[in-house]
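I have placed the structure first, in the form of structure tokens, so that the comments after it can refer back to it.
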Amino acid sequence: MSNITDVSTGLRNMMKSRKLTISELADESNIPEDTIKSIRSGKTKNPGIQTIIRLADAMQCSIDELIGHQPASTEEMEFLSSWKKLDQHGRKLVQAIADIEVSDRHQISHSNRLISCIVSSSNLDDGFLYDSFHIQTIEIPSNSFPSADFCIYINTDSLSPIYFKGDILAIEKRFPHNGETAIFIHHNIGYIRRYEIQKEKKQLLPLLPACKTLESKQLSEYICFGTILGIVKFSSSENSRHHNAASMIQYIKPNL
């Protein structure tokens, strides 16, 4: 599959076939001319997904045509469909993770791998405020949840004895199977719940007795952020979990 840097070639070809000038495309897409020029020249090698979508819409072509990809797989189409349902903050989080994955690829030990780790700026307890976060690429053991897409750092003891402050949870971007625990978002509020089907009734059960159960009639209003695979384990010779997460330096806050 072609790399996203092909967007510069795809943009030039599409503009030529549509007989569009930079000025005309800027008007149609509501993207500044300088941004379009930068993408055309290849100076901007990784334009944001929102920019790509607006360019494709303006030129009435698919994203695949614009960036030179083969037709999207079912998985890619499902991801795009989910992305379109996100609010501005959710899209910003997805873009941040994607940017980190692209920019921070480098050689590491065969026993370790790179993964993005997220830290909420508010306490990650039940009903945590999903409005700001830190992201950092960290190293974890390669054999620790190889299907994980990113991690989340637990910054409070309010979820004990299930999770403790300093734990790093491995997260896979999918809806949970029956009996699995996942993170669900509703109106910028996050909940950690166990998904269970009992007598054909779907429920999101709390980890702690004091927290509320979310009934099936409410589930359609919740977005699954990801399924928790477990706690990442580090050997004594590696940096501590707390040090890895506490050193996160990239701060992202949405426009509220």
key: Within segment 1-59, helices (runs of 4 or more DSSP H) holding 3 or more residues that are among the basic types (Lys, Arg) and at pLDDT 85 or above   = 7-18
Answer residue from segment 28-44, given it is surrounded by fewer than 14 Cβ atoms within 10 Å (Cβ to Cβ) and among the basic types (Lys, Arg) and is nearest to the chain's Cα centre (by Cα) among those = Lys43
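State the number of residues belonging to segment 156-195 that are more than 21 Å from the chain's Cα centre (by Cα) and either among the hydrophobic types (A, V, I, L, M, F, W, C) or farther than 18 Å from Ile135 by Cα (or both). First the steps, then the outcome.
Start the filter on segment 156-195 by keeping residues that are more than 21 Å from the chain's Cα centre (by Cα), which leaves 156-166, 178-179.
Applying the additional criterion that residues be either among the hydrophobic types (A, V, I, L, M, F, W, C) or farther than 18 Å from Ile135 by Cα (or both) yields 157-164, 178-179.
Residues in segment 156-195 being more than 21 Å from the chain's Cα centre (by Cα) and either among the hydrophobic types (A, V, I, L, M, F, W, C) or farther than 18 Å from Ile135 by Cα (or both): 10 in total.
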task = Kindly establish whether Lys173 is of a type outside the set (Gly, Ala, Ser), closer than 25 Å to Ile97 by Cβ and at pLDDT below 65.
result = no
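The values are calculated or read from the model by the stated rules, or taken from the named source; none is laboratory data. Fair warning: this is a prediction, and the values are worked out from it, not measured in the lab. Don't worry about glycine lacking a Cβ; one is built from the backbone with ideal geometry, like all the others, and counts go over all protein chains shown.
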